[in-house]
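Heads up: the structure comes next, in structure tokens.
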Amino acid sequence: MFCIMFVISFILMKVIQGGNYIIRILFMMCVSVVWSQYNISGSILDSNKNPIAFANVIVIKSQDSTFVNGASSNDFGQFKIEEIPSGDFILKASYIGFQDYFLSFSVHSDVTLEDIILVESVESLSEVEVVYNKPTIKREVDKLVFNVENTSLSEGNMLEVLKSTPSVLVIDDALMVKGDSPTVYINDRKVNLSSSELLELLEGTSASNIKSVQVITNPSARYDAESGVVLNILMSKNLSTGYNGNLFTNYTQGVFPKWNFGTSHYFKNSKVDVFVNYSYNKNKINRDSEEFIFYQTEEWNTNLNRNTRLETHNIGLNLDFKLNEKSTLAFAANTQFLPYFKYQTKGKATIAGNSDFDEIYSNNLSKDNKHNLGFDLEYSYDISKNSNLTWNSHYTNYDYDRDQNVKSIYFNSDAYYDNTAFKTNAHQETDILTSQIDFSTTLSESSSLETGVKISKINTGSAINQYDIIAGISQFNSFNSDNFEYNENIYAGYISYEYSSEEWNFTAGIRVEQTNLDNVSLNQTENTQDYFELFPTTNLSYQFSEKVNSYVTYKRSIQRPNYSNLNPFKFYLNDYTIVTGNPELKPVFNNHFLLGTTINDKFTFEVYYRSYKNNIFELPLQNNNNNTVTYTPLNIDETVEIGIDFETYFDVTENWFLYFGTSTYNFNDKGTLFDTKVQRDKWANYSILSNDFTFLKDKSLVANLSFIYVGKNVQGLQQVDSRLLSDLSVKKNILKGKGVLSIAVSDFFNDHDFKVTTDFLDQNSTLFSNLDNRYIKLGFRYKFGNSKLSTNQRSTSRDERIRLDQKNH
């Protein structure tokens, strides 16, 4: 197996011209060291001499309690622990509901132990007392660490944990961190899904094995330049072996009912870790909107009702193979299948003014079939105690087909005037291939170094054909039919240095990226971009005293357009409302400066400055000549943001934890539209108040009450009105801690909806959106197997794959 990895790495090095030094390192990795090792075997029984399956059995050194190896008992209670060197050790056997068993012994040859009898714990004879720790928060110079291991939050799903994480918002089916859309990692692997697919994955994944959530506001150069803010979910690395699993289901009642169910399973022994999960979601989502467009001679009032029906299957697999003490081979697959997707938009437009008709009724029906498949292969080798070399390769295949039918009927004074109809067939397939090598080493007790290289290759091909229905006959429309081909290659390298002492903490790094892209369509001219960019990152903090720490950070990052925004194809909501992409979009470059101070580890004050060159926003551009509106993404010249943040978190009482954060900021958008300079700016505020409560003696009843206020603000030259988000969730452990019942209520003040106003030059419109975000949700989760296990689960991701996001309007 390793020879195959060597050949792959050799070819990769030739491609990226890594040089003979790395090849020699890979050659040395083929050398293994052999020493005398022995086996420990035995049986685990209860007091009635019945075998106990899936009990944890680990061996640690007597001298310093260092973990050596472990195994789990089989169906007959038998276990075998391999690769134990000579020496003095302690054996620990454990299983939920039984007291831990310890045995000291020496090893000079293979050892067969007498039967180990586990004694049932007192509390298991009646009701197991489930006691949880409180979540803790630790702030570092570049991140906030939210520790949730063995807390009540770990009894839910990953999305619930993120909702409770300070500074993380979930708004309109998207994650936000202080106004930025974060890149989500699990165990330092990016999640390869669009925002809506990501939330589905997080909601369907158990949080029982989460150790902590890192909110990295200033990621190091090791992260891709597109990772402006990172949410890194770290899974616990418990060394126990055995098997565990869980089943869950949720029922949600909003405008329409939704439900999902799923299961996950984890098995671990001394050589192999296996994690597999599956979830199924069946949703019907409602969205209503009312739009007013003021053309020069007419006023249009359009009411749209949009229903989305979909079924999705999410399947994840992680395999970790321990090849020897120094090397590990890992394979991961994260797949989503969407065999059923039905998107229907019904509209009524009322026209006042100089028009031949005064009402339009439209019906738009789209049916999709798509899949999103991601695979990773990774090899990790510990060159020494302080140095590691990791190779990773990733492949994504994204494919979707869409059939659309649009019909419109025109009336004048309640009398039939005219009708139109057409249909479209669209197809898109995207292939993403990335490969990278990372090297990390500890230089001294206070300093470390990381460096690496990466290649990304993206190809996406799309086609759309439109057929107008005239007198019941389909006629090909060449003007609205098109083919689109997009190719992108990115070559990157980085180096990052970190120094830490009792008073000072300093990190600095730089990432270089060369980007070559080319896209062409039948109805558009070819667009080619070729640019080389530097992305420096630095963090500096100083501990003035035990209670006061100050820090300053800087980062330059990039935001590349997602592939659907680049696609020039037109999607018609009706004859007069069009959604289209823009193949000439440029990337956004962001510079972020921040100065902050933390007092008593509880109160944090920050001031910041951000500039976004070529910022991308989707704007409704109205054509006052033919009275149409086209939603299209555009680059504006610049967005400048300045702000002041404050946050605090503390225990109000033993059973009440409070987090409060507030940000007052100014957005200043500047753009050039229709050869005219346009500028909009406004001061705004968003604030978060989150309360976590525990009840009952065993703390098995927990609740969270959260409020998020988003004030009136400017986004992309448009004004967005204020709104208030409110959520209440309650969870109760049952069945001796094996089961969890939950109930959640969202938007109980019914103040989550919002209005967007466009008012510049000859653009004059308002849009009110009524989202399907007011609901009540009931859930149940059941755990089985050895609940003390922690999984190897991770979702591998790439920024390139995240840009696959498909949007419906």
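The values are calculated or read from the model by the stated rules, or taken from the named source; none is laboratory data. Given the structure is predicted, the values throughout are model-derived calculations rather than measurements. Note: ideal-geometry Cβ built from the backbone for every residue, glycine included; neighbour counts use all protein chains shown. Protein only, heavy atoms only, side chains kept; ligands, DNA and RNA dropped before computing areas. Shrake-Rupley method; radii C 1.70, N 1.55, O 1.52, S 1.80 Å.
Quick look at the values:
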quantity: Residues of type lysines that residue 342 reaches as a straight line, Cα spacing below 17 Å, ignoring anything fewer than 8 places off in the same chain; calculated: 258, 282, 284, 367, 370, 407, 423, 807
quantity: Approximate spin-label separation residue 387-residue 348, in nm, with each point projected 7 Å along Cα-to-Cβ; calculated: 7.4 nm
quantity: Separation of alpha-carbon centers, the stretch 338-398 and the stretch 79-110, rounded to whole Å; calculated: 50 Å
quantity: The stretch 266-418: relative contact order as a whole-number percent, Cα under 8 Å and 6+ apart; calculated: 19 percent
quantity: Relative packing of 694-706, 648-660, which averages over residues the other C-beta atoms within 10 Å, highest first; calculated: 694-706, 648-660
quantity: For the stretch 433-509: rounded, prolate or oblate by the Cα gyration tensor [a/c cutoff 1.5]; calculated: prolate
quantity: The stretch 402-537: radius of gyration over Cα atoms, expressed as a fraction of 2.2 N^0.38 Å; calculated: 1.87
quantity: The chain, dipole about Cα centre (Lys/Arg Cβ +1, Asp/Glu Cβ -1), debye to the nearest 20; calculated: 1220 debye
quantity: Label point at residue 681 placed 7 Å out along Cα→Cβ; residues across the stretch 608-644 whose backbone nitrogen lies under 16 Å; calculated: 608-613, 637-644
quantity: Partner lysines for residue 682 [C-alpha distance under 22 Å; skip if fewer than 8 residues away on the same chain]; calculated: 178, 613, 670, 712, 755
quantity: Listed residue (109, 411, 672) projecting farthest to the positive dipole end of the chain, Cβ model; calculated: 109
quantity: For the stretch 230-387, the Rg and Dmax computed from alpha carbons only, in angstrom; calculated: 25.4, 80
quantity: Listed residue pairs exceeding 32 Å between alpha carbons, taken from 271/454; 190/783; 80/731; calculated: 80/731
quantity: Length-normalised contact order for the stretch 295-349 - Cα pairs under 8 Å, 6+ apart - percent; calculated: 48 percent
quantity: Projected-area mean, the chain, by convex hull of Cα positions, square nanometres; calculated: 36.9 nm²
quantity: Relative contact order %, the chain, counting alpha carbon pairs below 8 Å whose residues are six or more apart; calculated: 11 percent
quantity: Helix-only CD estimate at 222 nm, as mean residue ellipticity for the chain, using -39500 (n - 2.57) per DSSP H run (n ≥ 4); calculated: -1500 deg cm²/dmol
quantity: Amide H within-cut-off set for residue 323, under 5 Å, with H built and near neighbours excluded; calculated: 328, 329
quantity: 0 to 90° range, to nearest 10: angle between helix 2-16 axis and the chain longest Cα axis; calculated: 40 degrees
quantity: Cα gyration tensor shape for the stretch 526-592, rounded if a/c is under 1.5, else prolate or oblate; calculated: oblate
quantity: Accessible heavy-atom area order of 507, 430, highest first, probe of 1.4 Å; calculated: 507, 430
quantity: Accessible surface of the stretch 535-594 [probe 1.4 Å, protein heavy atoms]: carbon and sulfur percent; calculated: 55 percent
quantity: Residue-normalised accessible area of the chain, expressed per residue, 1.4 Å probe, Å²; calculated: 44 Å²
quantity: Dipole of the chain, positive end: most advanced residue of 247, 164, 758 [Cβ charges, Cα centre]; calculated: 247
quantity: Calculated from backbone phi, Karplus (6.51, -1.76, 1.60) coupling profile of the stretch 355-367 in Hz, x at Gly/Pro; calculated: 10, 6, 9, 10, 8, 9, 10, 10, 9, 10, 10, 10, 10
quantity: Sparse-neighbour loop sites [GluC sites (Glu not before Pro); the stretch 437-525; at most 16 other C-beta within 10 Å; DSSP]; calculated: 445, 502, 503
quantity: Order by protection proxy (mean Cβ within 10 Å, highest first), peptides 764-772, 223-231; calculated: 223-231, 764-772
quantity: Entries in 143/697; 348/570; 143/555; 348/677; 586/677 that, when Cα-Cα distance is taken, lie over 23 Å; calculated: 143/697; 348/677
quantity: For residue 523, residues with placed amide H under 5 Å, excluding near neighbours; calculated: 483
quantity: Ranked by how many other beta carbons lie within 10 Å on average, peptides 670-678, 278-286 from highest; calculated: 278-286, 670-678
quantity: Heavy-atom accessible surface of the stretch 607-763: percent carbon and sulfur, 1.4 Å; calculated: 58 percent
quantity: Accessible surface, 1.4 Å probe, highest first, among residues 300, 683; calculated: 683, 300
